[in-house]
Amino acid sequence: MNPNDSQTLLIKNLSTHFFTGKGVAAAVDDVTLSIPRKSIVGVVGESGCGKSVTALSVLRLVSRPGRIVSGSVMLDGEELLGKSPGEMRQIRGNKISMIFQEPMTSLNPVYTVGRQVMEAMRIHGNTSETEARDRAVEMFSAVGIPEPEHRLRSFPHQLSGGLRQRVMIAMAMVCRPRLMIADEPTTALDVTIEAQILNLMKELEEKFDTSIMMITHNMGVVAEICDYVYVMYAGRIMEQADIFELFDNTKHPYTLGLLGSIPRYGGVRRRLYNIKGMVPSLLDLPKGCRFSPRCEQATPECESREPELYDAGAGHYVRCFLHANANRGEKQ
Ligand SMILES: Nc1ncnc2c1ncn2[C@@H]1O[C@H](COP(=O)(O)OP(=O)(O)OP(=O)(O)O)[C@@H](O)[C@H]1O
Ligand SMILES: [Mg+2]
């Protein structure tokens, strides 16, 4: 058996660049990332580090001046980068679905939410009206929407933020996709609703055998739900590890900075960055490690060349010279 068969998604050496008037921005730069079956994999990092462009590359929805320049994206062992636009339309929403950050911008205000969920199903399969309605009701119950038959007739503005987000999840799950990409799915919600939505996603992952790519700024969300995590910075993977390794044995100074931003007490929450300085412009990257200008532990070596992604054992990899020597080998 091919060892890649257990991977729902396998991204290899993916690079997606934006060809702007001011130069080429490598928003995703040689990224290798995999999502095994029945797992939730986090992609974290500060704003602008390439999380959404990675997701859009998987869906082949990068728009100009952006373009996937190299790499491979395999879904269940099938290469997506060679598919025709028509084949990709079939795959989106059918095998891969996406939940966006702000549900109001993704739901159409002039149609009922029931109509929209049913449309999502009918575009992608030969489902009759009655069948579509039954499945919509079933999916609304599965995502915990009370009085589902009644709610099908609501318009988006008649629902609370939490309910709208559940509708989005119902739309994303109704075709039982192999992979669901959730880009900041709970950012707009309050903490209690956020916890409910995260639990719900975990339940759906188990029930429907859907793997999840969870994109977030928030290490608290990662701790809550993810099995394995990739930390991105300026288009690169800086550290990757399973959830316990990442939290108990954090290696990269950047990840330590992000972890320092987990809110510890009630009241103050998310996006509390205590990493000094700014994310560099992709058009003017530092010569060495991309994080070196902000890193308190940087040495002259860090400023002169970029570290590899070193193998730290136990499925843990880190792109940092501080951890290069103690390790057994290199990846990539
Ligand atoms: N249309 C565009 N034109 C030029 N550059 C772009 C464009 N879209 C994205 N980029 C570049 O890609 C980089 C990564 O963007 P991306 O949207 O993936 O960030 P992100 O990690 O999702 O950030 P956020 O957390 O704010 O959503 C940006 O910093 C920007 O330099
Ligand atoms: Mg984004």
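Just so it is clear, none of the values below were taken in a lab; they were calculated from the coordinates. This is a predicted model, so every value here is computed, not measured. Cβ sites come from the backbone with ideal geometry, for glycine too, and all protein chains shown count toward neighbours.
General observations
- Cβ-Cβ distance of Arg176 and Thr112, R₀ of 22 Å, FRET efficiency by 1/(1 + (r/R0)^6): the value works out to about 0.45.
- Per residue Cα convex hull volume in Å³ - calculated over the stretch 71-199: 122
- C-alpha long axis of helix 161-173 to longest principal axis of the chain, angle in °: 90
- With K and R counted +1 and D and E -1, the other residues having a Cβ less than 13 Å from that of Arg305 yield a net charge of -1.
- Distribution of pairwise C-alpha distances over the stretch 1-105, 5 Å bins, in %: 2, 11, 21, 24, 22, 13, 5, 2, 0, 0
- Mean separation of Cα contacts under 8 Å (6+ apart) over length of the chain, as relative contact order %: 19
- For the stretch 288-298, 3J(HN,Hα) per residue [Karplus equation, 6.51 cos²θ - 1.76 cosθ + 1.60, θ = phi - 60°, Hz, x = Gly/Pro]: x, 4, 5, 8, 3, x, 10, 8, 6, 9, 5
- Per-peptide packing, taken as the mean over residues of other Cβ atoms within 10 Å, places 14-20, 75-81 in the sequence 14-20, 75-81 from highest down.
- Å³ per residue enclosed by the Cα convex hull of the chain: 148
- Out-of-range pairs (alpha-carbon distance over 18 Å; input Lys12/Lys83; Lys38/Lys83; Lys12/Lys207; Lys95/Lys207; Lys51/Lys251): Lys38/Lys83; Lys12/Lys207; Lys51/Lys251
- Net lengthening on full extension, Ala195/Ser141 (0.36 nm per residue, minus Cα-Cα): 17.7 nm
- In the chain, the longest principal axis of the Cα atoms and the axis of helix 129-142 are about 50 degrees apart.
- C-alpha center-to-center spacing [the stretch 177-236, the stretch 272-314] in angstrom: 26
- Working from label points 7 Å from Cα in the Cα-to-Cβ sense, the Ser84 to Phe19 distance is 2.4 nm.
- Summarising the amide proton neighbourhood of Leu81: residues at separation of 5 or more, or on other chains, whose placed amide H is nearer than 5 Å comprise Val73.
- Our coupling estimate for the stretch 306-318, obtained by passing each phi through the Karplus curve with A = 6.51, B = -1.76, C = 1.60 and θ = phi - 60°, is 8, x, 6, 8, 7, 7, 9, x, 6, x, 10, 10, 8 Hz, Gly and Pro reported as x.
- Where N is the number of residues in the stretch 145-242, Cα Rg divided by 2.2 N^0.38 Å: 1.17
- Sequence-ordered 3J(HN,Hα) estimates for the stretch 248-253 from the Karplus curve with 6.51, -1.76 and 1.60 and θ = phi - 60° stand at 8, 9, 4, 10, 7, x Hz, glycine and proline given as x.
- Rough spin-label spacing in nm, given labels placed 7 Å along Cα→Cβ, for Asp248 and Arg37: 2.7
- Sites Lys287 and Ser6 - FRET efficiency at Förster radius 41 Å, r taken between beta-carbons, to 0.05: 0.60
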